[in-house]
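S.K.: Could you have a look at this structure, given as structure tokens, before my questions?
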4 protein chains.
Amino acid sequence: MATTVLVTGFGPFGEVRENPSAALAERLDGEKIAGAVVRGMILDVATGRVGRQFAAAIAAHRPAVVLATGVAAGRSALAFERVAVNVRDFAIADVDGERPCDVPVVEGAPDGLLATVPLRAMLAACRDAVVPAYLSPTAGTFVCNQLFYLAALAGRREGFAAGFLHVPLAPQSVSSSAEAPPPTMELATMERGLRAALGVAVPGAGR
Amino acid sequence: MATTVLVTGFGPFGEVRENPSAALAERLDGEKIAGAVVRGMILDVATGRVGRQFAAAIAAHRPAVVLATGVAAGRSALAFERVAVNVRDFAIADVDGERPCDVPVVEGAPDGLLATVPLRAMLAACRDAVVPAYLSPTAGTFVCNQLFYLAALAGRREGFAAGFLHVPLAPQSVSSSAEAPPPTMELATMERGLRAALGVAVPGAGR
Amino acid sequence: MATTVLVTGFGPFGEVRENPSAALAERLDGEKIAGAVVRGMILDVATGRVGRQFAAAIAAHRPAVVLATGVAAGRSALAFERVAVNVRDFAIADVDGERPCDVPVVEGAPDGLLATVPLRAMLAACRDAVVPAYLSPTAGTFVCNQLFYLAALAGRREGFAAGFLHVPLAPQSVSSSAEAPPPTMELATMERGLRAALGVAVPGAGR
Amino acid sequence: MATTVLVTGFGPFGEVRENPSAALAERLDGEKIAGAVVRGMILDVATGRVGRQFAAAIAAHRPAVVLATGVAAGRSALAFERVAVNVRDFAIADVDGERPCDVPVVEGAPDGLLATVPLRAMLAACRDAVVPAYLSPTAGTFVCNQLFYLAALAGRREGFAAGFLHVPLAPQSVSSSAEAPPPTMELATMERGLRAALGVAVPGAGR
């Protein structure tokens, strides 16, 4: 059976009506990268539901690699996250109106979990693909971090590698006005970087 | 005789080895936009020489519109400058090693000169082209502002419209490392925005 | 008759309930600096009224120096403005609900006017007083710039030196929450810098 | 025996010649706060030595609370760190010329460790003291994070509460030039916030 890579994106939330991470998951769904089949899936920015949605995806696809993605307004490049933290502290409400404050993602689980995808190789692959990228020391404390934490925890239990990629806003999401907009990246550029990174994240991809 | 639009870019300086503004000027040279012929020209980031280079280009091409362009590391979108200021105060040396401090661009000339290209229409054109853009209140006090000032001054005398566009760094100019890079924009995106903006800046373009 | 220095501040606007520039104007009112008497005055952030208020202050005090001050959220240090621009383009409404877009401050007047206070000496004075400061290339296009422009224009006509100082938010204006607040400066530090700067801006202060 | 609070600061490194965290540790050394005695101690920004220095301080003082502090250029307020990460990845060399890349702080230890000081109470205390502060999701991957990690690990073993406070640059550390400096905070303001925070961090302080 072919190796499967699960790429998740998130749906709209707050002021982000078109979430570029959802577009990325859609674009890659069904593609083959480094001999693996990519499954793309869009999850809801909902603290009370994202865990079940993610668990169902894992059960259905039995991936060898999970790369979750999300958008972070203000980021200027692809950001491969180093560490997931066992904290939920939301600056804004999620799509269900939930706004936890200093609540663990999983009660009694470790405080932090490092990414288990090959961060340096993924970074180098983006550089080779001329896609600006960096290693980020924090995925925040919102639903993105929650999903990353859940993936990292499940990955240790079930044997898959887990990582999280924060992407900038896409040009479609910012309005051109008299004021300077936040940084953006074209979806095609994000996709180029994501494909390059996945190409070295698949086990046995010869890195 | 066809209407001419002069688009200038700058060569390398400081840490910018591949100046995206030079690439833009090259890409548009010889193109037709809104019935006008575009002339692209690359100038040196040299305070003592840029004036002569620009004057020669004006004499050669007799443009109806001048849009000078330059790169500004840290900018996150296309920045149409509102105003040129009669000050040179360089934070770094130019390519000739010159570093003027609080020296006028043109002794005895006005303190400031507003852009005479149609800023709002150009901004709207970028928005329609899905290219992030904004109106910037300052072009700084480096060679970019100097050229903008010279263009604005000459334009008032010789009857052409003058403007300045600051562009972000291109992905080629930032290294992907562990640290977050500055914002970037793909050259193709910059070019799309520049073409859209010029399309409404040509006199009689029916805006 | 003693030389007079006019220091203006602004009242509250938008999210700034306690404007540090108002506090500065109050603190300095009646003080003597470098042999001059300081007159402090608080103006309204109202595009339709600030001109009359300022003209009345000039008529009443006949200052030799005008240093207008205002707050700029996000600034990290004292910012001595280089140039006032003949444009009003408001990102938010003023206190009267006015929000001009691309309207001149004074129809038919010059596009830009440079500060006529001794910027470099004022900067050096702040450095000596251990108050972070810099020269800013733009005062924006809101009421602050409008007042700066009006002061610079009147100063050329009536013979006084004119400048504008943007100050950071004060600690009182930011809430300590889970999110990083904008930069702040203690009012006492602002006052120390302002006093130092005025000390070299008074004519004959021996700079 | 009196309860002891250990406050550490760091010595100079890189471009920071006068580290405000060292000044804070000195200022608080010997003070009494909420019935506890504060011991201040200055450590070296040296990845190979900071562990031994810290262990010696713990052995000497047997503190009930450890609040390590360090400076972070660019931060705009007091930043109480949420989590220490078991990674060393230095963007610059430490004072011994060491520059580890993706090396654990302690081999085989947990990926991350949350602060065990009362973050929310400390944040509220700063707010009451009118000192801008926030909860930071990352202490970076330099020596500051290393010390925080070591303190959090030792604290779990030896029964003390551990936290880390990043402070902005002090005005003394930035030069006033034509360019905008990074945010700063007066040492007296930092000290006011630190005292307020410690006042609620001492066990039995009645929070």
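S.K.: Once R0 is set to 22 Å, what does the formula 1/(1 + (r/R0)^6) return for the Cβ-Cβ distance between A:ARG99 and C:SER175, expressed as a FRET efficiency to the nearest 0.05?
M.R.: E between A:ARG99 and C:SER175, to the nearest 0.05, is 0.85.
S.K.: For a quick protection proxy, order the peptides D:46-55, C:16-25 by their average other-Cβ count within 10 Å, most packed first.
M.R.: Highest to lowest by the protection proxy: C:16-25, D:46-55.
S.K.: Shielding of C:131-143 by partners, i.e. mean partner chain Cβ atoms within 10 Å per residue?
M.R.: 6
S.K.: At a Förster distance of 51 Å, what's the computed FRET efficiency of A:GLU26 paired with D:GLU107, Cβ-Cβ distance as r, to 0.05?
M.R.: Result of the calculation: an efficiency of 0.80.
S.K.: Right, next: Using the 2.2 N^0.38 Å rule of thumb for compact globular proteins, work out how segment C:133-207 stacks up: its C-alpha Rg over that value, please.
M.R.: Relative to the rule-of-thumb radius for its length, segment C:133-207 sits at 1.38.
S.K.: Would you kindly work out, in nm and rounded to one decimal, the distances from the label point of D:GLY30 to those of the same position in each other copy, ordered shortest first, with label points 7 Å along Cα-to-Cβ?
M.R.: Output for D:GLY30: 4.1, 7.6, 7.9 nm, nearest copy listed first.
S.K.: Read phi for every residue in segment A:134-140 and hand back ³J(HN,Hα) as whole Hz from Karplus 6.51 cos²θ - 1.76 cosθ + 1.60, θ = phi - 60°, with x for Gly and Pro.
M.R.: With the stated coefficients, segment A:134-140 comes to 7, 9, 9, x, 8, 9, x Hz.
S.K.: Let me ask something else about it. Could you run the Debye sum over the Cα atoms of segment A:25-172, one equal point scatterer each and no solvent, and tell me log10 of I(q)/I(0) at q = 0.17 Å⁻¹, two decimals?
M.R.: -1.02
S.K.: Need one number: buried accessible surface between chains B and A, 1.4 Å probe, both sides summed, DNA, RNA and ligands left out, in Å² to 100.
M.R.: Chains B and A together bury roughly 2000 Å² of accessible area.
S.K.: Please give the Cα centre distance for segment C:1-22 versus segment A:80-158, rounded to the nearest Å.
M.R.: Between the Cα centres of segment C:1-22 and segment A:80-158 lies a distance of 46 Å.
S.K.: Take the rotation relating chain A to chain C, measure from its axis to every Cβ in chain A, and name the nearest residue with the distance in whole Å.
M.R.: Closest to the axis: A:GLY74, 7.
S.K.: Sticking with this one: I'd like the Kirkwood hydrodynamic radius of segment A:85-131, using the inverse of the mean 1/r over distinct C-alpha pairs, in Å.
M.R.: 13.5
S.K.: First select every other residue whose beta carbon is under 12 angstrom from the beta carbon of B:ASN19; then total the charges, Lys and Arg +1, Asp and Glu -1.
M.R.: Combined, the nearby Lys, Arg, Asp and Glu give -3.
S.K.: Just checking the output field for D:75-82: average partner chain Cβ neighbours within 10 Å of each residue's Cβ?
M.R.: The shielding value for this peptide is 4.
S.K.: Leaving out ligands and nucleic acids, note down the accessible area per residue over segment A:90-175 with a 1.4 angstrom probe, in whole Å².
M.R.: For segment A:90-175, the solvent-accessible area averages 35 Å² per residue.
S.K.: What number comes out for the charge environment of B:GLY48, summing +1 per Lys or Arg and -1 per Asp or Glu over other residues with Cβ under 11 Å away?
M.R.: That sum, taken over residues with Cβ under 11 Å, equals -1.
S.K.: Work out how far the C-alpha atoms of the protein assembly as shown reach from end to end along every principal axis, then list the three figures in whole Å, largest first.
M.R.: Principal axes ranked by extent give 74, 67, 49 Å for the Cα atoms.
S.K.: If a paramagnetic tag sat 7 Å from the Cα of D:ARG157 along the Cα-Cβ line, which residues of segment D:105-124 would have the backbone N under 13 Å from that point?
M.R.: Residues passing the 13 Å test: D:106-110.
S.K.: Please list the non-local residues whose amide H lies under 5 Å from the amide H of B:ILE42, H modeled 1.01 Å from N, same-chain partners needing a gap of 5 or more.
M.R.: B:GLY9
S.K.: Can I ask one more? Using only atoms on other chains, find how many Cβ atoms lie within 10 Å of each Cβ of peptide A:180-190 and report the average.
M.R.: 6
S.K.: What are the GluC sites (Glu not before Pro) within segment A:44-153 that DSSP puts in a loop, where the Cβ has at most 10 other Cβ atoms within 10 Å?
M.R.: Those that pass, being in a loop and sparsely packed, are A:GLU107.
S.K.: Between copies, how far apart are the B:VAL106 label points? List them in nm, one decimal, shortest first, with each point 7 Å from Cα toward Cβ, please?
M.R.: Label-point distances to the other copies, shortest first: 2.2, 6.9, 6.9 nm.
S.K.: Keeping the other protein chains in place, figure out the carbon and sulfur percent of the accessible area of segment D:59-207, with a 1.4 Å probe.
M.R.: 53
S.K.: To continue, here is another question. Would you please name the GluC sites (Glu not before Pro) within segment A:137-201 that are DSSP coil residues with at most 15 other C-beta atoms within 10 Å of their C-beta?
M.R.: Passing both the DSSP loop test and the Cβ count: A:GLU179.
The values are calculated or read from the model by the stated rules, or taken from the named source; none is laboratory data. Since the model is a prediction, treat every value here as computed from it, not as a measurement. Reconstructed Cβ throughout: ideal geometry from the backbone, glycine too, with neighbour counts over all protein chains shown. Heavy atoms of the whole protein, side chains included, go into the accessibility calculation; ligands, DNA and RNA do not. Shrake-Rupley method; radii C 1.70, N 1.55, O 1.52, S 1.80 Å.
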